[in-house]
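Report on the following structure.
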Amino acid sequence: MGGTDGTKQRRRGNTRQRIQDVALELFAEQGYEKTSLREIAERLDVTKAALYYHFKTKEEIIVSLFEDLTKPIEELIAWGREQPNTLETKRELLRRYGVALTEAEPLFRFMQENQATVRDLSIGMMFKNRMKGMREIVIDPDADLVDQVRCISALFTMHAGMFVFQELAGDPEDKREAVLEVAIDLITQAHGGARKSS
């Protein structure tokens, strides 16, 4: 598991967060549909009533996880909206976004592997809204189509970095930096284009 140990330590003391972590582990092992609240309680070694005190349904667990783990992204969007529309703002946004994605990686892995479920749950819509917020900050309203595509590609590159590029050889930290560098290159090119046309 390696990299997630720090997060696990931080979260372990809190029952609600322990439930979230164990549920996510079980969802990853056997799929969301096949996992019951009873199994989550058993793995936690608590009664179903104790689990019920925090969450009534599996959906409540996933929605709460989504809200907790994507809160930094929401805060980042709020921060980005307050900043001047400069290239430095966009670069900093992508840097911070990379950190937020790394922290929320187990959740995004769940979303990737359970796409049908995610579509049916409210988190699908919530995620779309988060993405819309990011796009609005990185895309200049007067950018031409090619530069708009570059900006959207920068965000896709960041997302793909979590899954697609894991097959590439190399240190995870080096790969994260390479992904960020490519995303920043795209944003920089798009920003240059927007300046030329205005």
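The values are calculated or read from the model by the stated rules, or taken from the named source; none is laboratory data. All figures in this text were calculated on a predicted structure; none of them were measured in a lab. Cβ coordinates were reconstructed from backbone atoms using ideal geometry, including for glycine residues, and neighbour counts include every protein chain displayed. These area figures cover heavy atoms from the full protein model, side chains too; ligands, DNA and RNA do not enter into them. Shrake-Rupley method; radii C 1.70, N 1.55, O 1.52, S 1.80 Å.
Quick look at the values:
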{"read-out": "Residue check for Gly2: within 20 Å of the chain's Cα centre (by Cα), under 18 Å from Leu121 (Cα atoms) and modelled with pLDDT under 90", "value": "no"}
{"read-out": "Pairs, first on the phi < 0 side of the Ramachandran plot and surrounded by fewer than 18 Cβ atoms within 10 Å (Cβ to Cβ) in the range 35-55, second among the small types (Gly, Ala, Ser) and part of a helix (DSSP H, G or I), C-beta under 8 Å, six or more apart", "value": "Thr47/Ala41; Lys48/Ala41; Ala50/Ala41"}
{"read-out": "Hey, Val99 aliphatic (A, V, I, L, M) and touching a Pro at 6+ places or on another chain (Cβ under 9 Å) or not", "value": "yes"}
{"read-out": "Selection within the range 178-198 - modelled with pLDDT of 85 or more and open to solvent by less than 90 Å² (accessible area, probe 1.4 Å)", "value": "Ala178, Val179, Leu180, Val182, Ala183, Ile184, Asp185, Leu186, Ile187, Thr188, Ala190, His191"}
{"read-out": "Single condition Asp142 does not satisfy, out of (1) part of a helix (DSSP H, G or I); (2) at pLDDT below 95", "value": "(1)"}
{"read-out": "Which numbered condition Ala154 fails, given (1) surrounded by fewer than 19 Cβ atoms within 10 Å (Cβ to Cβ); (2) at pLDDT 90 or above; (3) not charged (D, E, K, R)", "value": "(1)"}
{"read-out": "Of residues in the range 157-177 being without any contact (Cβ under 8 Å) to a residue 40 or more places away in the chain and surrounded by 15 or more Cβ atoms within 10 Å (Cβ to Cβ), the one nearest to Glu105 (Cα to Cα)", "value": "Ala160"}
{"read-out": "Those residues of the range 44-62 which are under 13 Å from Thr15 (Cα atoms) and charged (D, E, K, R), in sequence order", "value": "Asp45"}
{"read-out": "Selection from the range 66-90 of residues that are among the charged types (D, E, K, R) and surrounded by 17 or more Cβ atoms within 10 Å (Cβ to Cβ)", "value": "Lys90"}
{"read-out": "Single match in Arg96, Arg43, Arg119 (criterion: over 19 Å from Leu26 (Cα atoms), more than 14 Å from the chain's Cα centre (by Cα) and basic (Lys, Arg))", "value": "Arg119"}
{"read-out": "Subset of the range 111-136 [modelled with pLDDT of 90 or more and buried (at least 19 other Cβ atoms within 10 Å of the Cβ)]", "value": "Met134"}
